[in-house]
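This report refers to the structure that appears directly beneath it.
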Amino acid sequence: MSNYPIDNIRGDFPILQRTVHENKPLVYLDNAASTQQAQPVIDAVSRYHNQTHSNIHRGAHALAAEATDAYEAARRTVARFIGAASPNEIIFTRGTTDGINLVANSFGRARVEEGDEVLITEMEHHSNIVPWQMLCEQVGAKLRVVPVNDRGEFVWDEYERLLGPRTKMLAITHISNTLGTINPVRDIIEAAHRHDVTVLIDGAQAIAHMKVDVAVLDCDFYVFSGHKIFGPTGIGVLYGKESLLKGMPPYQGGGSMIRTVKFEKTTFEDPPFKFEAGTPNVSGAVGLAATIDYIESVGIERIAEHEHDLTTYGIEQLKQIDGLRMIGTAEQHAGILSFVVDGIHADDIGRLIDREGVAVRVGHHCTQPLMERFNVPATVRASVALYSTRDEIDTLVHAVRKAVNVMSRTCPVERTEVRPSGEDIERTQDRIVQEFNAIPDWEERYQKIIELGKRHPSIAESLKDEKWIVRGCQSTVWLHPDLKEGKIAFAAESNAMIVNGLIALLMRVYSNRTPDEILNTAPRFINEIGLSQHLSQARANGLAAMLEQIKNYAVVFKSVAASS
Ligand SMILES: Cc1ncc(COP(=O)(O)O)c(C=O)c1O
């Protein structure tokens, strides 16, 4: 798109100028998780803190009045942006999750009864599953699920079959955060309304990427988060039709939402205040209004067009990589590119491309039922935004290709990695440190960890059981202890290769040791070979969780030995 002002836009987002991992330019493709903030948004929030901050709605002084004005002006900005009939239809929340919980607890508890049904889809984020599940359990209603087809599209026939006299509520995502599917929500809402079904749209992934007009959609509720629309975290919006909001009981009680309080009885404010108990996130609302102004200055339709071009290009390029399979191939597709590569865990790809400066998300993306539907443990998800470029897509594709090569390469087995029998635990750590310190470059140290992972033996299938899973790891890690002649032999494995490399090192130090040896030995090799600085926080947490579990087993076996 020749007239899209990409250079100016990128210049507005200071974080895009930074580098990561020793001067690699940041290629930020994790926008479905959180978007970055433009300088005008940062400035607006900073100005608010420098000049205006105060509590709102109840102060008698100048700052209180200014802060109240700023907050209520933000509400009007949001209302205009999404086509609400009145600012009274805009409730500020903490985010999408908070908004859905509000509707499930207020509208849901008042209107959904025993035997009723709540409809969701197979592609929902956990935020749009769990609150409804909880509601159904509380009131004795049933949760029904509209399936998706192999392309990741909403299945109309099933939807129409499931819509029935007991259906009270439909909660559906506008755009799937994992598949990128854009749901035809207008038609879906129309069909629901023919059955008197109230509809909530989860707009977390849509609001920054396409024109949203709640009047055109005719949805009953629409929710989104500030941090997914280039605004601050901790602020979000629940839009609700005023007629519905008026009839709903409050969700939380406290200051600001009441008219009168007596010990015998409290009366409540009208919406939106009835649903905003306590001091709200005023600076967040100010930042949200500023980001809406920013988006409007670029034009949401132009943004959508730019992202559509990147999406088409990205899918074409990614599909050229051997063994790569897109998860989510809907015809109506937003800029969320989810994929897996045969034989390589998503976690490993994420970790390796991060070294190239490419930020993506790996995992189940809070859509575990969808992972099950597509029979994958995790995907790599790259997601674009208004500041993304074709060059960034090229860097992503190049980095994924390189990661696949690294993971597929093999190298000869080195005998030094086998622990000589009877070697002292500290001596083993020394040898690991020597081996790693002989490799000057961290890229090559990674390669070594990957190689160790590849050669790490698989454990018996019978040990890959829920009860041996180590909690706190991003990938799945099984750790099974076995006491033999006073020593604990561990069998451990992960479904991610790099983690298997770390396991190989841990096993070399800690397996076949006495409980005392395990408990008295700090894993100093981790610091000494530089793992602490070079592992991501998630990996470091995983490593810490494995170590803790190893030590826990040592404590258990020690106490068993003492009592027998
Ligand atoms: C579709 C969808 N719904 C809900 C959420 C939850 O948003 P938040 O964590 O901002 O409440 C997300 C976040 O990723 C999402 O993508």
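The values are calculated or read from the model by the stated rules, or taken from the named source; none is laboratory data. The shown structure was predicted, so the numbers you read here are calculated from the model rather than taken from an experiment. No Cβ is skipped: glycine too gets one built from the backbone with ideal geometry, and neighbour counts run over all protein chains shown.
Quick rundown of the values:
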{"quantity": "Residue list for the range 66-113, restricted to those being among the basic types (Lys, Arg) and either touching a Phe, Trp or Tyr at 6+ places or on another chain (Cβ under 8 Å) or crowded, with 21+ Cβ neighbours inside 10 Å (or both)", "calculated": "Arg75"}
{"quantity": "Among (1) touching a residue at least 24 places away in the same chain (Cβ under 8 Å); (2) away from the ligand (no atom under 11 Å from the Cβ) - the single one Asn177 does not satisfy", "calculated": "(2)"}
{"quantity": "All positions within the range 31-41 that are surrounded by fewer than 18 Cβ atoms within 10 Å (Cβ to Cβ) and within 24 Å of the chain's Cα centre (by Cα)", "calculated": "Ala33, Ser34"}
{"quantity": "Filter pass, Ser536 being out of contact with any helix residue (DSSP H, G or I) (no Cβ under 6 Å at 6 or more places or on another chain), farther than 20 Å from Arg419 by Cα and free of Cβ contacts under 8 Å to residues at least 12 places away in the same chain", "calculated": "no"}
{"quantity": "Ile120 being closer than 20 Å to Gly240 by Cβ, hydrophobic (A, V, I, L, M, F, W, C), within 16 Å of the ligand (Cβ to nearest atom) and part of a strand (DSSP E or B)", "calculated": "yes"}
{"quantity": "Ala285 being in a strand (DSSP E or B) and within 16 Å of the ligand (Cβ to nearest atom)", "calculated": "no"}
{"quantity": "Which numbered condition Arg259 fails, given (1) over 17 Å from Ala79 (Cα atoms); (2) in a loop (DSSP other than H, G, I, E, B)", "calculated": "(2)"}
{"quantity": "Search result, residues across the range 245-270 that are out of contact with any strand residue (DSSP E or B) (no Cβ under 7 Å at 6 or more places or on another chain) and not small (Gly, Ala, Ser)", "calculated": "Leu245, Lys246, Met248, Pro249, Tyr251, Gln252, Val261, Lys262, Phe263, Glu264, Lys265, Asp270"}
{"quantity": "Which numbered condition Ile526 fails, given (1) within 16 Å of Ile432 (Cα to Cα); (2) of a type in the set (A, V, I, L, M); (3) modelled with pLDDT under 90", "calculated": "(3)"}
{"quantity": "Test result for Asn500, of a type outside the set (Gly, Ala, Ser) and buried (at least 18 other Cβ atoms within 10 Å of the Cβ)", "calculated": "yes"}
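Yes/no matrix, rows are residues, columns are (1) closer than 22 Å to Ala346 by Cα; (2) assigned by TED's automatic domain parsing to the domain that holds Phe154; (3) of a type in the set (Phe, Trp, Tyr); (4) modelled with pLDDT of 95 or more:
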residue: Gly287; (1), (2), (3), (4): no, yes, no, yes
residue: Glu305; (1), (2), (3), (4): no, no, no, yes
residue: Asp309; (1), (2), (3), (4): no, no, no, yes
residue: Ile315; (1), (2), (3), (4): yes, no, no, yes
residue: Ile321; (1), (2), (3), (4): yes, no, no, yes
residue: Leu324; (1), (2), (3), (4): yes, no, no, yes
residue: Thr329; (1), (2), (3), (4): yes, no, no, yes
residue: Ala334; (1), (2), (3), (4): yes, no, no, yes
